[in-house]
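Asker: Starting off with a structure, shown below.
The values are calculated or read from the model by the stated rules, or taken from the named source; none is laboratory data. Keep in mind the model is a prediction, meaning the values are calculated, not measured. Note that we place each Cβ from the backbone using ideal geometry, even for glycine, and neighbour counts take in every protein chain shown.
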Amino acid sequence: MEFSLFAHMERLTPETPQDRLYEEFLSLCTLADEGGMRAIWTGEHHGMDFTIAPNPFLSIVDLAHHTKNVRLGTGTVITPFWHPIKLAGEAAATDMMTGGRLELGLARGAYSYEYERLVPGMDAMEAGLRMRETAPLLRPLWHGDCAHNGEFFSFPATTAAPRPAQDGGPPIWIAARDPNSHAFAVTSGFNVQVTPLWQGMDEIETLMGRFNTAVADAGVKRPKVMLLHHTYVAADEDDAAQAAEELNRFYNYFGAWFMNKRPVSQGQIAPLSDDEIAAHPFMSPATMARDLTIGTAPQVIERIKRYRDLGFDEFSVWMDSGMSTARKRASLQRFLDDVMPAFA
């Protein structure tokens, strides 16, 4: 099994200077590179201090100057916000500027808050259709003289400029959840990213089952599959309990952004009260501790061994959590020093 880092700038309160957030983000990424992780993933979001990431290609080009060995992936580009020619060209340019280190993760997006601002009237169904029309066009555009006449996009023969550094272009990953998304990814020759979010082993097994079914039904060579999961390697049981509290708060805010019902001002969603967080019907610190990859190093190792035995090729440590940078770095350092060697 290989390991990667999934991280963004995150600003839960307006007091934190945003330039400091970027320095903290860089510090986590350089630590992951020096510690031997395979990849760093960072994504795309708009108008939200909760996840500050307007263009992952900008971040990746800069990360290439601060790291040496790690692969650099979009986790993920929100595909329906892009024209296929523009996406193919910017991805190719990023691959060229990073010396062929790009991996291209694609998704339909999740937040209606973003949909209504960038593509008014688009819903999740249309977003998925736009992603499925765009993704298969990227390799033909990189190859050259690709013409297309589709439901959402039409253009005459076009060749992406520049060409990507990697032969055939960067590896493409699809964020998949439902069975149709898995089937689309594997039949298109793409790798697959899955996340159970705050859910635990039952959901992880379900997602792997959908992937395996899609591969078997398609009769194709098995692509790679990556599990993205919130992870905290604790110094002791008290530290693990604190992480469960912090991640419970994070997911309550994640849910509030997803529901798109609370007022937002200056990129900040209206604060949740302690009573609102405590009353959430699906989440609690206890369920976070049970269902996320939280624990001391031996406990985390045992959990990841279960994911490996299910067949996951890569485990990505989801670092966004609302925790202080010091706590994130301490957990990541323990992951590098105490967890990864168990899988060497």
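Asker: Which one is nearest to Glu2 (Cα to Cα) among residues in the range 215-238 that are part of a helix (DSSP H, G or I) and of a type outside the set (Asp, Glu)?
Answerer: The residue in question is Val215.
Asker: Output yes when any residue across the range 165-174 is touching a Leu at 6+ places or on another chain (Cβ under 6 Å) and farther than 20 Å from Ala110 by Cα, and no when none is.
Answerer: There is at least one residue in the range 165-174 that is touching a Leu at 6+ places or on another chain (Cβ under 6 Å) and farther than 20 Å from Ala110 by Cα.
Asker: Going through the range 95-126 one residue at a time, which ones are surrounded by 22 or more Cβ atoms within 10 Å (Cβ to Cβ), in a helix (DSSP H, G or I) and free of Cβ contacts under 8 Å to residues at least 60 places away in the same chain?
Answerer: Answer for the range 95-126, where residues must be surrounded by 22 or more Cβ atoms within 10 Å (Cβ to Cβ), in a helix (DSSP H, G or I) and free of Cβ contacts under 8 Å to residues at least 60 places away in the same chain: just Tyr115.
Asker: Against the condition surrounded by fewer than 17 Cβ atoms within 10 Å (Cβ to Cβ) and touching a residue at least 40 places away in the same chain (Cβ under 8 Å), how does Asn248 come out, does it pass?
Answerer: no
Asker: Also, I was wondering about something else. How about the range 47-72: which of its residues are over 13 Å from Glu103 (Cα atoms), in contact (Cβ under 8 Å) with a residue 40 or more places away in the chain and within 15 Å of the chain's Cα centre (by Cα)?
Answerer: Phe50, Thr51, Ile52, Ala53
Asker: Taking the range 304-339 as the region of interest, how many residues are more than 24 Å from Ile52 (Cβ to Cβ) and within 20 Å of the chain's Cα centre (by Cα)?
Answerer: Residues meeting the conditions: 9.
Asker: Is it fair to say Phe211 is surrounded by 14 or more Cβ atoms within 10 Å (Cβ to Cβ) and under 19 Å from Ala110 (Cβ atoms)?
Answerer: Considered against the rule, which asks whether it is surrounded by 14 or more Cβ atoms within 10 Å (Cβ to Cβ) and under 19 Å from Ala110 (Cβ atoms), Phe211 comes out as no.
Asker: Could you figure out which of (1) farther than 28 Å from Leu138 by Cβ; (2) buried (at least 23 other Cβ atoms within 10 Å of the Cβ) isn't true of Val225?
Answerer: With (1) farther than 28 Å from Leu138 by Cβ; (2) buried (at least 23 other Cβ atoms within 10 Å of the Cβ) applied to Val225, the lone miss is (1).
Asker: Would you be able to say whether some residue in the range 136-151 is of a type outside the set (Asp, Glu), surrounded by fewer than 18 Cβ atoms within 10 Å (Cβ to Cβ) and in a strand (DSSP E or B)?
Answerer: The answer is yes; a qualifying residue exists.
Asker: Of (1) part of a loop (DSSP other than H, G, I, E, B); (2) within 17 Å of the chain's Cα centre (by Cα); (3) closer than 28 Å to Glu2 by Cβ, Ala91 satisfies all except one. Which?
Answerer: With (1) part of a loop (DSSP other than H, G, I, E, B); (2) within 17 Å of the chain's Cα centre (by Cα); (3) closer than 28 Å to Glu2 by Cβ applied to Ala91, the lone miss is (1).
Asker: At pLDDT 95 or above, in contact with a helix residue (DSSP H, G or I) (Cβ under 8 Å, 6 or more places away or on another chain) and part of a helix (DSSP H, G or I): is that true of Asn212 in this structure?
Answerer: No, not satisfied.
Asker: Residues that are within 21 Å of Asp202 (Cα to Cα): list the helices (runs of 4 or more DSSP H) wholly contained in the range 239-344 that include at least 1 such residues. Write out each step before concluding.
Answerer: On the way: elements: 274-278, 285-291, 297-310, 325-334.
In the range 239-344, the matching helices (runs of 4 or more DSSP H) lie at 285-291, 297-310.
Asker: Another question, then. Among the residues of the range 9-17, is there at least one that is surrounded by fewer than 16 Cβ atoms within 10 Å (Cβ to Cβ), β-branched (Val, Ile, Thr) and either closer than 19 Å to Glu114 by Cα or touching a strand residue (DSSP E or B) at 6+ places or on another chain (Cβ under 8 Å) (or both)?
Answerer: For the range 9-17, residues surrounded by fewer than 16 Cβ atoms within 10 Å (Cβ to Cβ), β-branched (Val, Ile, Thr) and either closer than 19 Å to Glu114 by Cα or touching a strand residue (DSSP E or B) at 6+ places or on another chain (Cβ under 8 Å) (or both): present.
Asker: Next question, about the same structure. I'd like the full set of residues that are part of a helix (DSSP H, G or I) and closer than 17 Å to Ala107 by Cα, limited to the range 55-81.
Answerer: Pro56, Phe57, Thr79, Pro80, Phe81
Asker: Of the residues that sit in the range 18-40 and are within 17 Å of the chain's Cα centre (by Cα) and not in a helix (DSSP H, G or I), which one is surrounded by the most Cβ atoms within 10 Å (Cβ to Cβ)?
Answerer: Start the filter on the range 18-40 by keeping residues that are within 17 Å of the chain's Cα centre (by Cα), which leaves 25-26, 28-29, 32, 37-40.
Within this subset, residues satisfying the condition of being not in a helix (DSSP H, G or I) are 37-40.
Details: Met37: 25, Arg38: 20, Ala39: 22, Ile40: 27.
In this case the residue turns out to be Ile40.
Asker: Related question: Give the residues of the range 164-176 that are touching a strand residue (DSSP E or B) at 6+ places or on another chain (Cβ under 7 Å) and surrounded by fewer than 23 Cβ atoms within 10 Å (Cβ to Cβ), sorted by residue number. Walk me through it before giving the result.
Answerer: Pass one, the range 164-176, residues touching a strand residue (DSSP E or B) at 6+ places or on another chain (Cβ under 7 Å): 170-176.
Those that are touching a strand residue (DSSP E or B) at 6+ places or on another chain (Cβ under 7 Å) and surrounded by fewer than 23 Cβ atoms within 10 Å (Cβ to Cβ): Pro171, Ile172.
Asker: If Ser331 satisfies all but one of (1) surrounded by 22 or more Cβ atoms within 10 Å (Cβ to Cβ); (2) without any contact (Cβ under 8 Å) to a residue 12 or more places away in the chain, what's the number of the condition it fails?
Answerer: (2)
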